[in-house]
Structures are given as structure tokens and as C-alpha cells.
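The values are calculated or read from the model by the stated rules, or taken from the named source; none is laboratory data. The model shown is predicted, which means the values in this text are computed figures rather than measured ones. Methodologically, a virtual Cβ is constructed for each residue, glycine included, from the backbone with ideal geometry; neighbour enumeration extends over all protein chains shown. Ligands, DNA and RNA are excluded from the accessible area calculation, which covers all protein heavy atoms including side chains. Shrake-Rupley method; radii C 1.70, N 1.55, O 1.52, S 1.80 Å.
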Amino acid sequence: MSKKYRFETLCLHSCNNSDLFGDSTAPPLHRTSAFIFKNTKHAADLFALKKSGNIYSRINSPTQQILEEKLASLEGGAAALAFSSGTAAIHYTIINICSTGDEIIAAKNLYGGTYTMFDGILPQFGITVKFVNQNDPNNFEKAITSETRGIYIEAIGNPSLDFTDIEAVAGIARKHNLPLIVDATFASPYLLQSIEYGADIVLHSLSKWIGGHGTAIGGAVIDAGKFNWKDPKFTLYNKPDPSYHDVRYGHDFKEQDCPAFSIRMRLVPLRNLGACISPDNAWIFLQGLETLSIRMERHCQNAFETAKYLKKHHSVKWVRYPGLKDDPSYPIASRYLKKGSGGMVVFGIKGGEKAGARFIDNLKLFSHAANVGDAKSLAIHPATSTHAQLSPKQRKEGGVGDDLVRLSIGIEHIDDIIKDIKQALEKI
Ligand SMILES: Cc1ncc(COP(=O)(O)O)c(C=O)c1O
């Protein structure tokens, strides 16, 4: 189906012909914990992976499966898995590749929660993350050692909005047989299909534009299915796993049925650590996907207009939006983002952090909230909220200045968005 239809159509129709829909036009919500086996042989075959099917909703459910098939088709991947949050998707991705002693090289401009996971939590389990400035792709190569097991970037950084040159980093990753992991949350699959540019694993916080209405938390991992996990440095794929019938994930499955990374992800982290998506949330994200294209169009138009407005305002010191021709990210971002430059705008006000705080407090239409990608416009001051756990040096290096105000531009009428920003700026 992926090849036959355009993106907008796939958002609505990919997976529609599958048995998973029965005769309903909308995706059925399977609100069940477990599934009935036909007999004990059937149960044993499912557990032994001799047959595919549903066992228990921590591992899979039909509603989740529709969401996963749809996401894989929209990203051009071989398989996808959904999780209880974007954070869980990121954590499970790392531990599905690394064990104690292994290293990841990551960009410096990551979402604060990811930075904290990488800098403060993974080291507790013997996994080291080295952070490099993503604006020069050579920095990733310089940091590679014999312990490196992957490269991690955000396509559009939160909140710096720096765009990382995915193709250039993918070339380096390929040269060293390392998987390139791209968190593409800020682009959404509508604006960017990272696998086309060499990503091996694509991550999304579904909680943002894919859900689109600020009503559920979820995450997803899309597997391009092309990576060579047979390289002996990936011990988790080459040594027998005593926790699952001594399976060797890099060797014992037909890649065309399910790629090694995805099958291990479902059988090990998801099955045993349990951050599964609820069927209700999977259903909410399926609803979101149906309108992703038209929402993204409006998010992008409104964000572009907002950025242009702020750029001209006498109280505004600086503005970042990848779609502005003089933005530092424009030369790279414009090569990748053909349909729009995203729904986020960040800026600093003359008068710095205090003026920014007053601006946020003066907003009436915008909600002051720790989220992005909602249909409604949102504002926040990352240095004292989403990125407060980083040190001032880490924030500076990640592009999170103390004066940075982050706007997630919604799909309201642009006149009302500008009017609200105007009145809030006038009051400071
Ligand atoms: C770029 C990015 N990735 C991942 C996450 C984490 O996703 P979740 O909030 O669904 O756990 C966030 C959250 O803000 C984010 O902005």
C-alpha cells in the first residue's frame, strides 16, 4: 500500500484492508488485557514464536498493531512498535542496542528529558553517552571509539530548532556500521521521512503532533529494517539469549518477516519491562494520524507567519524558525523540509529572561504548558522548566538560552495568534 498512495491518503487508509478492521470503517478499540487461545498447542506455539498472534496486551494488541503498521508505512519503515511514552521509546531503543560498557554518541541539543536520561540515568547501568555539537557532523565521527554502538540525534532540536544534517551523519554511521537513531518528533512524519536520508531507527513522541490534541502520552520506534546487527560488536544480537529460548536475534529470524531490532524490542524490553501503550491511547493516536497532514499544513503556515511577525517587532531581540531564510538552520533544513518548517518558533525578548517571563504571563489565548504539538497554541520558558535539570553550561551548549521563549503554534486563526502575541509584548 505504501507505494501506491500519497502520504495524505496513507494517513487515512494504510492498514484499512487488513483483517484487523473487520467490517468497521474506523479502527476497532480492543480494550482487553488478554486474548483467548484456541487450545494449549496454540498457546505453546504463540509463546514459542512458531505462530504469530496476540497473547497479552503488554506485548501487542490489535489496536496497537494498526497504529504500528500505519506508522511504519508513513515513515517508510519495515516495522514499528508503540510505547507508553516517547521517553520509554527512547529508553528501550538504547537498551535494545547497548549493554554495560557500550557507548552512544548524541547531539547536544536534545529535549531536556532525553538529555537527563542519557547523562544521568544510563550511566547508572554502565552505558555512557558522549555529547557532541551536532552542527558539524564530523564531531560525531571524531567521538567514535571501539565501544560506540550508535549515534543519536533530534532532526529538529527541542528547543534550539537547529536542524541536524541527517544524510551527513548517516554517512558517518554507515561507514562505522553504527545505527543512526533520529528523534523526528518536531518534524512529524508529514514533514520528514528520515529513513530516506539514512536513518536506521526513527523515534516519535506520539504525544505531540501525531496525537495532535494534547490528550494522550505515547511513543513509537520505526525500524528501517536495513541495519546489519550481525556485526559481532552488537552482542545482544549475536549471543544466545537465555531469557528467550537461546534465540540469537541477529540470526534466527527472517528479516523480511520482522527485522531483528523490532523483534528483540518486542520480546525483550517491551515484554519484560512493560512500558506498553494502552489500547485507548493507541486509538487516540490513530485518530490523530487521520488529520496529521492538514493540521501540519496549518501549524507550519501559522508558525511561519508568527516568526515573520516576531522578527519585525521592536521588542524582539532574536527569532529562530528553520523556515526563515536568514535562520542558521535554513541552508540545511530547506534541503529536507519541503512541505513546511514545523510548528515551533523560539525567540528572545529585549529585557531577557524577566521580559520573557512577563510575556508568557501576559498571554491570553496561548496556554502556558509543558507540551508541544497541540492543536492549541502553547508557550513555555524552557530554561526554568523542561530543561531546568540541565546545568547552565549544558543548556548553553544545547542552544537553550536563559531568555529563550518557546512557542508551539497551534491551528487557530493566525490573526488571533498574532493579536495575542502583540498584546502580550506590548505589556512588558
Ligand atoms: C523531541 C522530544 N522527544 C521525546 C520527548 C518525550 O516524549 P514523551 O513526553 O511522550 O515521553 C519529548 C517530550 O517533550 C520531545 O520533545
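Counting only residues that are away from the ligand (no atom under 16 Å from the Cβ) and of a type in the set (A, V, I, L, M), which one in the stretch 193-236 is farthest from residue 370 (Cα to Cα)?
Among those that are away from the ligand (no atom under 16 Å from the Cβ) and of a type in the set (A, V, I, L, M), it is 236.
Over 16 Å from residue 267 (Cβ atoms), away from the ligand (no atom under 16 Å from the Cβ), free of Cβ contacts under 8 Å to residues at least 40 places away in the same chain and in the same structural domain as residue 143 (by TED's automatic domain parsing): which single residue out of 66, 55, 36, 105 fits that description?
Just one listed residue meets the conditions, 36.
In the stretch 107-127, which residues are polar (S, T, N, Q), in a helix (DSSP H, G or I) and open to solvent by less than 40 Å² (accessible area, probe 1.4 Å)?
Hit for the stretch 107-127 is 114, nothing else.
Between 116, 145, 93, 100, which is at pLDDT 95 or above and touching an Asp or Glu at 6+ places or on another chain (Cβ under 9 Å)?
145
Looking only at the stretch 354-376, count every residue that is open to solvent by less than 80 Å² (accessible area, probe 1.4 Å), away from the ligand (no atom under 16 Å from the Cβ) and more than 19 Å from the chain's Cα centre (by Cα) and tell me the total.
9
On the given criteria, is residue 293 over 17 Å from residue 213 (Cα atoms) and touching a helix residue (DSSP H, G or I) at 6+ places or on another chain (Cβ under 6 Å)?
no
All but one of (1) buried (at least 22 other Cβ atoms within 10 Å of the Cβ); (2) in a loop (DSSP other than H, G, I, E, B) hold for residue 70, so report the exception by its number.
(2)
Can you tell me which residue among 277, 263 is within 15 Å of the ligand (Cβ to nearest atom) and surrounded by 15 or more Cβ atoms within 10 Å (Cβ to Cβ)?
277
Condition check: closer than 15 Å to residue 188 by Cα and not in a helix (DSSP H, G or I). Does residue 339 satisfy that?
It is true that residue 339 is closer than 15 Å to residue 188 by Cα and not in a helix (DSSP H, G or I).
Filter the stretch 136-155 for residues that are open to solvent by less than 30 Å² (accessible area, probe 1.4 Å) and either over 16 Å from residue 114 (Cβ atoms) or in a helix (DSSP H, G or I) (or both) and give the result.
Those that are open to solvent by less than 30 Å² (accessible area, probe 1.4 Å) and either over 16 Å from residue 114 (Cβ atoms) or in a helix (DSSP H, G or I) (or both): 137, 140, 143, 148, 149.
Can you name the helices (runs of 4 or more DSSP H) wholly within the stretch 257-322 that have at least 3 residues being within 20 Å of residue 8 (Cα to Cα)?
Per the criteria, 279-290, 292-312.
Any residue in the stretch 367-382 that is in a loop (DSSP other than H, G, I, E, B) sitting within a Cβ distance under 7 Å of a residue that is more than 12 Å from the ligand (Cβ to nearest atom) and of a type in the set (Ser, Thr, Tyr)? List the pairs, counting only those 6 or more apart or interchain.
Short answer, once both residue conditions are applied: 376/367.
Would you say residue 328 is in contact (Cβ under 8 Å) with a residue 12 or more places away in the chain, over 19 Å from residue 408 (Cα atoms) and in a loop (DSSP other than H, G, I, E, B)?
When the stated conditions are applied, residue 328 passes them.
Please determine, by comparing only the residues of the stretch 396-428 that are open to solvent by less than 10 Å² (accessible area, probe 1.4 Å), part of a loop (DSSP other than H, G, I, E, B) and β-branched (Val, Ile, Thr), which one is modelled with the highest pLDDT.
Among them, the one singled out is 409.
Looking at residue 14 and the list (1) open to solvent by less than 60 Å² (accessible area, probe 1.4 Å); (2) more than 30 Å from residue 114 (Cβ to Cβ), which single condition is not satisfied?
(2)
For the stretch 175-220, give me each residue that is in a loop (DSSP other than H, G, I, E, B), open to solvent by 10 Å² or more (accessible area, probe 1.4 Å) and not small (Gly, Ala, Ser).
Passing the criteria: 176, 177, 185, 186, 193, 200, 208, 213, 215, 217.
Could you tell me which residue of the stretch 82-99 is farthest from the ligand (Cβ to nearest atom), considering only residues that are of a type in the set (Ser, Thr, Tyr) and part of a loop (DSSP other than H, G, I, E, B)?
99
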